[in-house]
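The values are calculated or read from the model by the stated rules, or taken from the named source; none is laboratory data. Everything numeric here is computed off the predicted structure, so don't read it as measured data. Glycine also receives a Cβ, built like all others from the backbone with ideal geometry; neighbour counts cover every protein chain displayed. These area figures cover heavy atoms from the full protein model, side chains too; ligands, DNA and RNA do not enter into them. Shrake-Rupley method; radii C 1.70, N 1.55, O 1.52, S 1.80 Å.
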Amino acid sequence: MHRSFRTPLAALATSAAALSLAPMAQAQEVTIQYWQYFFEARVTAMEQLIENFEAANPNINVEMTHFPLADYRTRTAIAVPAGEGPDVVQLFYGWLNDYIDEGLIQPLPADRFSADMIQSEFFPMVNAMERDGAYYALPTAVRSLALFYNERILEDAGIEVPTTLDELVAASIAATERDGAGNVTRVGLTTGMTAQDHHWFREVLIRQFGGEPYLDNYETVNYDTDAGRAALDFYVGLQTQGATQSGFMDEPQAAFRSGRAAFHIDGSFRIGALEGERGLRWGVAELPSGPDGAQSNYASYWVNAITSSAEGPEYEASVLFMEYLTSPEAMEIWLEVVGELPARVAVGMTDEIANDEVFGPFVRGLEYAHTTIFADESAQRQVLVDMIERIQLQGMPPAESLSVAAAAEQAILDSYFAD
Amino acid sequence: MAVDPSAHDTTKAPNAPRWGLYGRLSVGQKRTIWAWTFLAVPILFYVIIRFYPTGNAMVLSFQDWNLLGARTWTGLDNYTRLFSDPVFWQVFRNTFAYLLLGTPISLVISFVIAYHLDQVRFMHGTIRALYFVPFMTSAVAMAWVWRWFYQDVPIGLFNNLLATVGIPQVRFLNSTTNALPSILAPAIWAGLGFQIIIFMAGLRAIPRTFYEAAKIDGVSTWTVLWEITLPLLRPTIVFIVVLSSIGFLRIFDHVFNMTSANPGGPLNSTKPLVLMIYQSAFSSFDMGYAAAQTVVLFVVLLIVSLIQLRLLKDR
């Protein structure tokens, strides 16, 4: 009895020891999953960050998974609620509301990411990540808008880089070329609400003409006003005065890249694409200031957040990883590899970066940039696209089209915030 | 597979192993079991891959779901919202415009080409292959090439041609009236090759003797066409009409790629139902609303197909 009991017990003990040996040896080792979308420079930069982070924290492994942007949103939206997703995830700031509402991401611990620290050290637009006093996510890098110009065209036409909207209009008209029949063959300013213009209109033009595009933390549309009408008249006037031709060469960035546009408003993410363009000499300037000298800009960003599936040691490791991703060092690497702007003021506003020929105008723009809190960005963009098309294709008076657009966008916001 | 009762006794082997329930079955019953075993594979496939999602989509159309949270019941809300949405009715009209313009135009063009190609001996195979090439080309690539053809001066092929002969530019895609036909044109062109091949097969299947008899009677070419060729092509025509109708009702690739910056635009003038479903689901993440639209599309396709099957029966 005694003997027969001991043998299986011993066997059990040995196998249990063998089984537990592996976990024992790696007792402090933690593997966390990180997801982002595929963009070569972003993946390269993240590999570098992970390598540095793992070197500093030898017991933590970070595994990165990436998908094409086209289905990134759908796949994260399916995986995260199912608990199959990552511990730390990169999300577009505009998707965050849904993730917070559904409890899919955890607030950042206040002891390591205090609201005071974030407010004083980060550029102000990260405020959009705050809900009830807690921050849910933080970016490594941010993007803003600036005015790209074609140096060769400016030299040919003898034009200075415009600094105000009036100068922009005059310079664009002067830079336009037409064939014998009057068809535009080189455009002054590229425009298209489908590209970045809807941001330029919302957060820049409306504010420059004295308005406030939204109220109640972006829940109420507020541009069906005199300022909104003035901004729209200016925007529509670009076309009627011959400073632009909407839809020229299909896409604004294509027209600029091929050297057939003098001016182009776009985000800092365009820098990488333009750098490799042969025969194109280009420069960047801050967005032109408004009638009374007011400056404004639009900033957007991808944030990193800790999902609700991170618990225990994974959670601890995720917090450490988040700290590294939002550190000055990570931001410098990101700027160098991806070309996106640091989210911390102290990193972005160094003399070197703020006076950089290319990054400078974008970084300076961050100081007065606004971030729209979208309920459904593509639907809200469509509202402005349709607003311009009603005017240009159907001859609707701008003021009327603006009212229709404001009502349509309010309906989108209402149905979103009603739940 | 039918069970043959006579097989029961005649084929029963005396030394057959008699183990278990299976052994006691007759050959006919075994055959039935095997038949069902093999049939189970496609049935399971259809149930899991087709019917379950279809049923799920129908349930979803009465719910509200953003993919992230829980599904909540909303009753008929999605449908009432859909039927009171002016964009939906615009999209509904667009979908039928694609169908009612696309099907007859492609039918007539492909028949005319097939009819004449049938009589051509010179380089017959090469010409036929040339017509078939667009059908094999990726719709996405084709849509983008046509998108660029349609642009304004200085990059658009058509407008450059017009400009060189001094004709004012035509706004093809950036127009609420021209955009839909402009998108339909490459879609028709892409499908022609297939329809031509089917028509030619149909033409070849008509017995020569009918034509010879007509020739002896001295009947005119038109009469031959109206009295012999077209009536005998009826099954071919119905087949092509059914197939191309379903194709035009589900048009997506061409529209999406030719208007990708402003999907279905300008001002929804080119948006078909499938694109609206796609946008509701994968850009607004309004899954219930998208499911309701899918159910409507399903019903429309069902009705159109039933009408056409009815026509096929009358033969």
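Backbone geometry of the stretch A:270-286 corresponds, through the Karplus equation with coefficients 6.51, -1.76 and 1.60 at θ = phi - 60°, to 3J(HN,Hα) couplings of 7, 3, x, 5, 7, 4, x, 7, 6, x, 9, 9, 9, x, 10, 9, 4 Hz, x marking Gly and Pro.
Given axes a ≥ b ≥ c from the Cα gyration tensor, I'd like to know whether the protein assembly as shown is rounded (a/c under 1.5), prolate (a/b larger than b/c) or oblate. The shape class here is oblate. Full extension of the segment from A:ALA181 to A:GLU357, taken as 0.36 nm per residue of separation minus the current Cα-Cα distance, would add 59.5 nm.
Peptides A:268-281, B:116-129, B:284-297, B:174-187 ordered by packing proxy, namely the average of other Cβ atoms within 10 Å per residue, highest first: B:284-297, B:174-187, A:268-281, B:116-129. If you plug the beta carbon distance of B:TYR52 and A:ASP414 into 1/(1 + (r/R0)^6) with R0 = 30 Å, you get a FRET efficiency near 0.25. Computed from backbone phi, the HN-Hα couplings of the stretch B:288-305 come to x, 5, 5, 5, 4, 5, 5, 5, 4, 4, 4, 5, 4, 4, 4, 5, 4, 5 Hz, rounded to whole numbers (Karplus: 6.51 cos²θ - 1.76 cosθ + 1.60, θ = phi - 60°; Gly and Pro given as x). Result for chain B in a Gaussian network model with C-alpha springs under 10 Å: among B:PHE252, B:PHE194, B:PHE51, the largest mean-square fluctuation is at B:PHE51. For the pair A:THR240 and A:ARG281, what calculated FRET efficiency results from E = 1/(1 + (r/R0)^6), where r is the Cβ-Cβ distance and R0 = 41 Å, to the nearest 0.05? After rounding to 0.05, the efficiency reads 0.85.
Stick to the Cα atoms of chain A, pair each with every other, and give me the Kirkwood hydrodynamic radius in Å at one decimal. About 23.6 Å, per the Kirkwood formula over Cα pairs.
When the square roots of the Cα gyration tensor eigenvalues are ordered a ≥ b ≥ c, the ratio a/c for chain B is 1.5 or more and a/b does not exceed b/c, which makes its shape oblate. Based on DSSP H segments of at least four residues, each scored -39500 (n - 2.57), chain A has a per-residue ellipticity at 222 nm of -13500 deg cm²/dmol.
Comparing B:PRO263, B:SER280, B:ILE167 along the charge dipole axis of chain B, the residue lying farthest to the positive side is B:SER280, per the Cβ-charge model. Length gained on full extension, B:TRP189 to B:ILE303, computed as 0.36 nm times the residue gap minus the Cα-Cα distance: 38.4 nm. Between A:ALA346 and B:ARG71, the distance separating the two model label sites (each 7 Å from Cα on the Cα→Cβ line) works out to 5.1 nm.
Amide hydrogen proximity for A:VAL30: with H placed 1.01 Å from N in the peptide plane, the residues at 5 or more positions away or on another chain lying under 5 Å are A:ILE60, A:ASN61. Rounded to 0.05, the FRET efficiency of the B:SER138 and B:ASP217 pair, given R0 = 41 Å and the Cβ-Cβ distance, is 0.25. One chain, two ends: A:THR31 and A:GLU323. Fully extended at 0.36 nm per residue, the span grows by 103.5 nm beyond their Cα-Cα distance. Between A:THR185, A:THR220, A:THR194, the Gaussian network model of chain A with springs among Cα atoms under 10 angstrom shows the greatest mean-square fluctuation at A:THR185. For peptide B:31-44, the mean count of partner chain Cβ atoms within 10 Å of a residue's Cβ comes to 0. Hey, for a label at A:GLU219 modelled as a point 7 Å past Cα toward Cβ, could you say which residues of the stretch A:402-419 have their backbone N under 20 Å away? So the set is A:406-419. Considering only A:THR176, A:THR164, A:THR74, the mean-square fluctuation computed in a Gaussian network model of chain A, springs between alpha carbons under 10 angstrom, is largest for A:THR74. Place a label point 7 angstrom from the Cα of B:ILE109 along the Cα-to-Cβ direction, then list the residues of the stretch B:254-274 whose backbone nitrogen is under 19 Å away. Answer for the stretch B:254-274: B:254-259, B:270. Rolling a 1.4 Å probe over the protein heavy atoms gives the protein assembly as shown an accessible area of 48 Å² per residue. Ordered by solvent-accessible area of protein heavy atoms (1.4 Å probe), largest first, the residues B:ILE240, A:ILE78, B:ILE33 come out as A:ILE78, B:ILE33, B:ILE240. For a modelled paramagnetic label at B:LEU243, 7 Å from Cα along Cα-to-Cβ, the residues of the stretch B:290-312 in reach, with backbone nitrogen under 16 Å, are B:309. Shown for the protein assembly as shown: the carbon plus sulfur share of the solvent-accessible area, taken with all protein chains present and a 1.4 angstrom probe, equals 61%.
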